[in-house]
């Protein structure tokens, strides 16, 4: 008698074998009662646009599920050759659901279709499809730039999204993107602002000036935040850019202020002109996390010159009610290390923190004192 375990193993093997058969490409798979070759004939010859659109769906499925090559090729070809805008739109929508490897085989059809298409609905679907595939977007920069002029905001959004996906390959579209950061449609402005921070333009200072101008006019908090993010991604740290971030420190939106603070902290010494404003934020803001970030940015902006402002850190250390802020003040002092070995006032202030009610402050103060008082190591003497 065959045991239950053997029967179960046999059943699993049979199921696995069946699954492998189903997963293999079929030469002429059936969809909705018709062979794929018959659907190709419908797409190429049937006078009914509705039936041709159904053929697009069928052949898309035949490719996705069974790798039916004629399905892929005919769906791609119909983007340009079909006389019905509805069928062309269905082809673009179907292609948007394909995997990137498949779309690479018909990317030229997508690009040529966007270049030639006049129907606004189809252009929108084409732009949306291209936005899903960065490799295609990189080859379609010129027609995507043209799509930024479309009357339909959704098309302009999709075109900007696609250019953002193209990255540095889309730098030639910088003028077109700059034109739509003032678009009347909020979604278009957002997509264009996002793209400008990611295409590595040839003239980042010019783009930065345009983004700064837009920041001063923008009413939407989310868009102001995205403007700051794109400014940061441009890599520009000029006085004009730093001044814009300093202005943003007074923004009514908490998240926008947070982006500005953290960006100035990342700028390092280039943010030195912002140091005094950052200190005001670090000492005058109710939110402790904002004070923490501002204090770190203050230290980053001054670097070694923080030694001349160490008294400001001591004041924070002695007065801030939140231990997280006091810990950061200690850490910024400790970063100066041996440079403070003769600063008795600061060392005394740190010693007082050894009795702080919070253990993390006590531990940080002890570590800071050790670091400051540690004797500098002498370089090894070279033997003759």
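Read-outs: derived from the displayed coordinates by stated rules, not from any lab. Quick caveat, the model's predicted, so the values are computed rather than measured. Here Cβ is always computed from backbone atoms with ideal geometry, including for glycine, and neighbour counts include all displayed protein chains.
Quick notes on this one:
- For segment 267-298 versus segment 183-212, the gap between their alpha-carbon centres in whole angstrom: 27
- Taking 63, 39 and counting other C-beta atoms within 10 Å, the order from fewest to most: 63, 39
- Rg to Rh quotient for segment 35-159, alpha carbon positions, Kirkwood Rh: 0.96
- Normalised contact order of the chain, rounded percent, pairs of Cα under 8 Å and 6 or more residues apart: 7
- Estimated from helical segments only, the mean residue ellipticity of the chain at 222 nm is -21500 deg cm²/dmol, where each DSSP H run of four or more residues counts as -39500 (n - 2.57).
- Crossing angle, helix 186-196 versus the chain [Cα axis fit, 0-90 degrees, rounded to tens]: 70
- Point-to-point label distance, residue 34-residue 269, nm (Cα→Cβ direction, 7 Å offset): 7.2
- In degrees, nearest ten, helix 254-267 long axis to first principal axis of the chain (Cα): 70
- Distance between the modelled labels on residue 220 and residue 319, one decimal in nanometres: 4.1 nm (7 Å Cα→Cβ projection).
- For the chain, the longest principal axis of the Cα atoms and the long axis of helix 49-66 meet at an angle of about 70 degrees.
- Separation of alpha-carbon centers, segment 342-362 and segment 84-118, rounded to whole Å: 67
- Cα gyration tensor category, rounded, prolate or oblate, for segment 270-373 with a/c compared to 1.5: oblate
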